[in-house]
Amino acid sequence: MENKKIVYIDMDGVLCDFWSAVESHPDRKNYSKSTVDMIPGIYDDLKPMPGAIEAFEKLFEDFDVYILSTPPWRNPEAWIHKRAWIEKYIPKAKRRLILSHHKNLAKGDILIDDTNYRGQSKFEGEWIWFGKGKFKGWTEVVEYIYEKYTNKEKKWHEYLHPDYQLDN
């Protein structure tokens, strides 16, 4: 059996477009930046980030991929909405969702995350800070992972849906 590298992918801001949902929510003005995760229903059916579903599908072919997300403690409905999102948008990951407030405890090779306050910098593998530096979007992330961790050359644009616009 092939020993695949383990990849963890965060949800909010990486797979799901949380901030667009916040900005368009009618109750946004009643919450501070640190409490927007408490808006009732905010996690209900978030839109996927551009290229996220395609990226998951491609990585899933060659890596052992899991979704590692931190749901807000004071918003229990978010825990259910995260599971429902997986079942709707990435059904093959329905038993690959891990919810944790301590991402450094996950054992694996790669963590793709857009924040640094849940133990990401202490993750034992490589932390790819999504949306920062050379990792502006899924194009850069997928091509980097394939270049570094496999001997397969996969150019991201060759695997995208024809209607998808490159994010760079």
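The values are calculated or read from the model by the stated rules, or taken from the named source; none is laboratory data. Since this is a predicted model, take the numbers as computed values, not measurements. Every residue, glycine among them, receives a Cβ derived from its backbone with ideal geometry; neighbour counts consider all protein chains shown.
Of the residues that sit in the range 14-59 and are over 18 Å from K94 (Cβ atoms) and among the aromatic types (F, W, Y), which one is farthest from the chain's Cα centre (by Cα)?
The qualifying residue farthest from the chain's Cα centre (by Cα) is Y31.
Looking at (1) under 17 Å from G131 (Cβ atoms); (2) out of contact with any Lys or Arg (no Cβ under 6 Å at 6 or more places or on another chain); (3) at pLDDT 95 or above, find the lone condition where D17 falls short.
(2)
Confirm whether V7 is in a loop (DSSP other than H, G, I, E, B), crowded, with 19+ Cβ neighbours inside 10 Å and under 19 Å from the mean Cα position of the chain (by Cα).
So V7 does not fit the description; no.
Working carefully through the options L111, L99, find the one that is of a type in the set (A, V, I, L, M) and either out of contact with any Phe, Trp or Tyr (no Cβ under 9 Å at 6 or more places or on another chain) or surrounded by fewer than 18 Cβ atoms within 10 Å (Cβ to Cβ) (or both).
Working: L111 fails: either out of contact with any Phe, Trp or Tyr (no Cβ under 9 Å at 6 or more places or on another chain) or surrounded by fewer than 18 Cβ atoms within 10 Å (Cβ to Cβ) (or both).
Only one candidate passes the filter, namely L99.
Looking at the range 109-119, which of its residues are of a type outside the set (D, E) and modelled with pLDDT of 95 or more?
I110, L111, I112
Starting from residues that are farther than 16 Å from E54 by Cα and not hydroxyl-bearing (S, T, Y), keep the ones in the range 137-167 and report whichever is modelled with the lowest pLDDT. Spell out how you get there, then give the answer.
Step one: list which residues in the range 137-167 are farther than 16 Å from E54 by Cα, which gives 147-153.
With the extra rule that they be not hydroxyl-bearing (S, T, Y), the set shrinks to 147-148, 151-153.
Values: E147: 94, K148: 95, N151: 78, K152: 74, E153: 62.
Result: E153.
Checking D37 against (1) over 28 Å from I6 (Cβ atoms); (2) in contact with a Pro (Cβ under 9 Å, 6 or more places away or on another chain); (3) charged (D, E, K, R), which single condition isn't satisfied?
The number of the failed condition is (1).
Which condition from (1) in contact with a His (Cβ under 7 Å, 6 or more places away or on another chain); (2) crowded, with 21+ Cβ neighbours inside 10 Å; (3) more than 19 Å from H25 (Cα to Cα) is the one that E54 breaks?
Of the numbered conditions (1) in contact with a His (Cβ under 7 Å, 6 or more places away or on another chain); (2) crowded, with 21+ Cβ neighbours inside 10 Å; (3) more than 19 Å from H25 (Cα to Cα), the odd one out for E54 is (2).
Within the range 16-29, identify whether any single residue is without any contact (Cβ under 8 Å) to a residue 24 or more places away in the chain and either in contact with a His (Cβ under 9 Å, 6 or more places away or on another chain) or hydroxyl-bearing (S, T, Y) (or both), and answer yes or no.
So far as the range 16-29 goes, yes, one or more of its residues are without any contact (Cβ under 8 Å) to a residue 24 or more places away in the chain and either in contact with a His (Cβ under 9 Å, 6 or more places away or on another chain) or hydroxyl-bearing (S, T, Y) (or both).
Taking only the range 81-129 into account, find how many residues are of a type in the set (G, A, S) and more than 17 Å from V65 (Cα to Cα).
Final tally of qualifying residues: 3.
Considering only the range 61-96, state which residues are more than 21 Å from M38 (Cα to Cα) and either touching a Ser or Thr at 6+ places or on another chain (Cβ under 8 Å) or in contact (Cβ under 8 Å) with a residue 12 or more places away in the chain (or both).
Hits for the range 61-96 are D62, F63, D64, V65, Y66, I67, K88, Y89, I90, K92, A93, R96.
Taking the residues in the range 57-73 that are among the hydrophobic types (A, V, I, L, M, F, W, C) and at pLDDT 95 or above as candidates, determine which candidate is surrounded by the fewest Cβ atoms within 10 Å (Cβ to Cβ). Full working, then the answer.
The initial filter retains those residues of the range 57-73 that are among the hydrophobic types (A, V, I, L, M, F, W, C), namely 59-60, 63, 65, 67-68, 73.
If we keep only those that are at pLDDT 95 or above as well, we get 59-60, 63, 65, 67-68.
Values: L59: 22, F60: 16, F63: 19, V65: 25, I67: 22, L68: 25.
Result: F60.
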